[in-house]
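Okay, so here's the structure we're looking at.
The values are calculated or read from the model by the stated rules, or taken from the named source; none is laboratory data. These figures come from a predicted structure and were not determined experimentally. Reconstructed Cβ throughout: ideal geometry from the backbone, glycine too, with neighbour counts over all protein chains shown. Please note that ligands, DNA and RNA were not included when accessible areas were found on the heavy atoms of the full protein model with its side chains. Shrake-Rupley method; radii C 1.70, N 1.55, O 1.52, S 1.80 Å.
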Amino acid sequence: MTFSHDIVIVGAGGAGLMAALYAAEEGADVAVVSKLHPLRSHTGAAQGGIGAALGNEEEDSWLWHAFDTVKGSDYLGDQDAIEQMCKDAPRTIIELEHYGVPFSRTNEGKIAQRRFGGHTRNFGEAPVRRACYAADRTGHVILHTLYEQCVKKQVRFYDEYQVLDLLMTEGGTCNGVVAYEILTGDVHTFHAKAVCFATGGYGRVFKTTSNAHAGTGDGFALAVRAGVPLQDMEFVQFHPTGLYRLGILITEGARGEGGILRNSEGERFMERYAPTVKDLAPRDMVSQCIYTEIREGRGINGKEYVHLDMTHVGKEVLEHKLPEISTFSRVYLGIDPVEQPIPVAPTCHYAMGGIPTNVDGQVVRSGDRSDIVPGFYACGECACVSVHGANRLGTNSLLDLVVFGRRTGMAMAAAIKADNKKAALSENPEKRTRDTLESIMARSDGEKAVSIRTDLQETMMKNVSVYRNDDTLAESLSDLKDLRRRVKSVTVEDKGRKFNTDLMDAVEILFMMDYAEAIAAGAKNRTESRGAHSREDFSSRDDENWLKHTLFFGKGDDGYDIEYKDVTITRFQPKERKY
Amino acid sequence: MNITVKIKRFDPEKDDAARWESYSVEADKMDRALDVLMDIKWHHDGSLTFRKSCAHGVCGSDAMKINGENKLACSVLLQDLVKEGGTLTFEPLPAASVIKDLVVDQSGFFEKYRAVMPWLINDSPAPEKERYQSAEDHEIIEEATKCILCGACTHSCPSTWADPDYLGPAALLKAYRYVFDTRDEESEERLKIVDSPNGLWKCYTIFNCVQACPKEIDITRWLSALKRKAVTTRF
């Protein structure tokens, strides 16, 4: 059937709920369509904090925050957008508190703040307490509070609906989505004046990841299929401290509270690489340093991990400020961090790149920033504003979600007020979706999603992770070509209509194959090292040739085009990045 | 290790009633119970259906009955569940209508959640800064804010089994979280909702909820505090 709403938001994590709440506050009729129940969204897994220069614990300023973010981005972030985010941060956090987020408190009853990687006072002098937190479940309390407020505001939720198509008119105006109701197997059209993607990241294209199973990057694929470019996809954040082998996140807040990384010799190796901020260097650097230690034979017991030592931090801090990660360590590895160091290794964590937008969430379809796609918005991890550039600082992802979710919600509500005419739907908007589903269901010979996905994750991990070079990237592109052929024969064993998660696995691998190439191709073209993109064959940053954003245009089986767009620089001229 | 995995299955399009199916599985003792389910789905039987997402105990998707107790499949290791050659059983959460295999309908669970007005109510003009709350006042609600609404507690409660309309521990804990939040101004309205025939007084302090909670929340303790508050507010 066809549902009609002013605004349809796809994805119910922090960004989607923030956009929904602020649009609903303005009186708009808002629907949120999500493949999970909203409270299962991955924002709930964010642990350590959300950055804002509140200055509750010590002096701070939004300008210092902006500088740290620009420097952390290895100068690839757009500085106008970064300034907007850091200026908006304090009031957005205060609004979250007013909505009920139960932040941890200082002795004076203010929102408590802690140190985090790359966040400093006075333009790099020393670490600063900027991360507002609720123990080590900051994302969880934000997600729950936002959902509660959306329920209060009577936002309409369509839970467990998998969006499978983005609808555009011939003139290129976005006017809805097509979604599959997982419970019943029915296909529905959502007709809207504004569509917002808040579909999250793509960690699941890598073998080791902190991301949820749902993190299959569906929004990236739907955008590519609709002719929208993806920006800076080669910049993939590997978080330095994932639990060894499992990839489960151990927050940077652990180092913010005094945790130290040690190699097999017991050495605090980050002192050598980042003498000023040591273990609180940005994530790209720390992950690269861990890999270097391992490659040079200083992994623990000759294996591919190092130790995160919290034993000197004390039981009190672990129990009160870091209870979740203490539990993870005990449950999954049988290690009590009070007594023993935690085995950790880098884990795929965050997509710096994504669907290009301006600061109001409007999707931009070319290098010309005024060239927007009418009716189409994106925010959160799936969007690229770009505030993270080549490397995101810890605490800036939750901040990105709430700041740009809020701005996008308000911008959509304003657009509805100005003109609420929906562009007419085409004659049979569900045809493409029904054809795809029917062909998968009808296929008897073929390959299961799991084997294609496993091979995808292997090649991405082996060839496109922390260190890359021309050979590994060429190999990945050739593998991806082969996988793109194989995915055409993806098949399912479950032939039922109701709650067919086998079919959902198949559509997800189809999605993954439509954007994985953007990561590898962007990385192969970019013959420099910048932020999280570290080329063994081009180890320096090359501002002369590469201080620019990548735009990837997918063309399905016909390959892809790559274009570039300028970086916006306002106050901070690129300098060598030292910590 | 080699284990036998017994799963209570139900396909709404084929089965009149649930049936048990067994699988012989090779697994590692450090595997999560969820890893076993994924292995079966991906390599033995693609039609096996269950919910999952974060796979480390924060999203609450995979609450189910494992070896007779409600748990999150991603938060328990095989070494704590089964020995070499032993049997591991999976069933859907009890006292819930089954959609398919291990997937239950949680709409009733979330209706109860919505019934307690699970949101902060404060209509006083907002200050420019945050509303102050002392660290001690925050501590009163902190443990309750850990709840991930997985449903393991409510579906482990004999009062829920006996009376499907009972609000249940998860919704009542949410009520506690807001009644005791010093920033909230509507505790009386909320107390009226929980101080009702299907509310607090059907908690007979059986402690099943505490045992089932994957976040180790002392639910009964907080519900007892809510009972005291309800009584003292009433009289």
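Anything in the stretch A:98-123 that is open to solvent by less than 10 Å² (accessible area, probe 1.4 Å) and in contact with a strand residue (DSSP E or B) (Cβ under 6 Å, 6 or more places away or on another chain)? List them, or say none.
A:Phe103, A:Ile111, A:Ala112, A:Gln113, A:Arg114, A:Phe116, A:His119, A:Thr120
Within the stretch B:37-51, track down each residue that is buried (at least 22 other Cβ atoms within 10 Å of the Cβ) and assigned to a loop (DSSP other than H, G, I, E, B).
B:Gly46, B:Leu48, B:Thr49, B:Phe50, B:Arg51
Just to confirm my filter: which strands (runs of 3 or more DSSP E) fall fully inside the stretch A:156-273 and include at least 2 residues that are open to solvent by less than 10 Å² (accessible area, probe 1.4 Å)?
A:161-168, A:174-181, A:186-197, A:236-243
Within the stretch A:494-549, work out how many residues are assigned to a loop (DSSP other than H, G, I, E, B) and within 14 Å of another protein chain (Cβ to nearest Cβ).
Number of matching residues: 7.
Is it the case that the stretch B:17-27 has a residue that's under 22 Å from the mean Cα position of the chain (by Cα) and assigned to a strand (DSSP E or B)?
Among the residues of the stretch B:17-27, not one is under 22 Å from the mean Cα position of the chain (by Cα) and assigned to a strand (DSSP E or B), which makes the answer no.
Which residues, counting only those in the stretch B:123-161, are touching a strand residue (DSSP E or B) at 6+ places or on another chain (Cβ under 9 Å), within 20 Å of B:Gly60 (Cα to Cα) and within 8 Å of another protein chain (Cβ to nearest Cβ)?
B:Ile148, the sole residue that qualifies.
Step by step: first the residues of the stretch A:124-155, then only those that are charged (D, E, K, R) and surrounded by fewer than 20 Cβ atoms within 10 Å (Cβ to Cβ), then the one that is farthest from B:Val104 (Cα to Cα). Which residue is that?
Among them, the one singled out is A:Glu125.
Residue-by-condition table, conditions (1) more than 7 Å from every other protein chain (Cβ to nearest Cβ); (2) crowded, with 16+ Cβ neighbours inside 10 Å; (3) within 17 Å of the chain's Cα centre (by Cα):
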residue	(1), (2), (3)
B:Cys59	no, yes, yes
B:Ile66	yes, yes, yes
B:Ser75	no, yes, yes
B:Leu78	yes, yes, no
B:Val104	yes, yes, yes
B:Ala115	yes, yes, yes
B:Ile121	yes, yes, no
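Restricted to the stretch A:27-71, and to residues that are open to solvent by less than 20 Å² (accessible area, probe 1.4 Å) and among the charged types (D, E, K, R), which residue is farthest from the other protein chains (Cβ to nearest Cβ)?
Out of the qualifying residues, it is A:Asp68.
Which of the residues spanning the stretch B:206-233 are in contact (Cβ under 8 Å) with a residue 24 or more places away in the chain and basic (Lys, Arg)?
Listed by number, the residues that qualify are B:Lys215, B:Lys227, B:Lys229.
Could you list, in sequence order, the residues of the stretch A:274-302 that are under 16 Å from A:Gly72 (Cβ atoms), out of contact with any strand residue (DSSP E or B) (no Cβ under 8 Å at 6 or more places or on another chain) and assigned to a loop (DSSP other than H, G, I, E, B)?
Passing the criteria: only A:Ala274.
Hey, does the stretch A:179-192 have a residue that's within 21 Å of the chain's Cα centre (by Cα), hydrophobic (A, V, I, L, M, F, W, C) and at negative phi?
Scanning the stretch A:179-192, I find no residue that is within 21 Å of the chain's Cα centre (by Cα), hydrophobic (A, V, I, L, M, F, W, C) and at negative phi, so the answer is no.
Which one of these is touching a residue at least 24 places away in the same chain (Cβ under 8 Å), in contact with a helix residue (DSSP H, G or I) (Cβ under 8 Å, 6 or more places away or on another chain) and open to solvent by 40 Å² or more (accessible area, probe 1.4 Å): A:Thr550, A:Thr570?
Selected residue: A:Thr570, the only one of A:Thr550, A:Thr570 that is touching a residue at least 24 places away in the same chain (Cβ under 8 Å), in contact with a helix residue (DSSP H, G or I) (Cβ under 8 Å, 6 or more places away or on another chain) and open to solvent by 40 Å² or more (accessible area, probe 1.4 Å).
Mind listing whichever residues of the stretch B:80-94 are under 18 Å from the mean Cα position of the chain (by Cα) and surrounded by fewer than 20 Cβ atoms within 10 Å (Cβ to Cβ)?
B:Pro94
Can you find a residue that is within 24 Å of the chain's Cα centre (by Cα), open to solvent by 10 Å² or more (accessible area, probe 1.4 Å), closer than 18 Å to A:Ala345 by Cβ and in contact (Cβ under 8 Å) with a residue 12 or more places away in the chain anywhere in the stretch A:470-484?
For the stretch A:470-484, residues within 24 Å of the chain's Cα centre (by Cα), open to solvent by 10 Å² or more (accessible area, probe 1.4 Å), closer than 18 Å to A:Ala345 by Cβ and in contact (Cβ under 8 Å) with a residue 12 or more places away in the chain: absent.
Considering the stretch B:44-55 alone, what residues qualify as being more than 15 Å from the chain's Cα centre (by Cα) and within 8 Å of chain A (Cβ to nearest Cβ)?
The answer is B:Asp45, B:Gly46, B:Ser47, B:Thr49, B:Phe50, B:Ser53, B:Cys54, B:Ala55.
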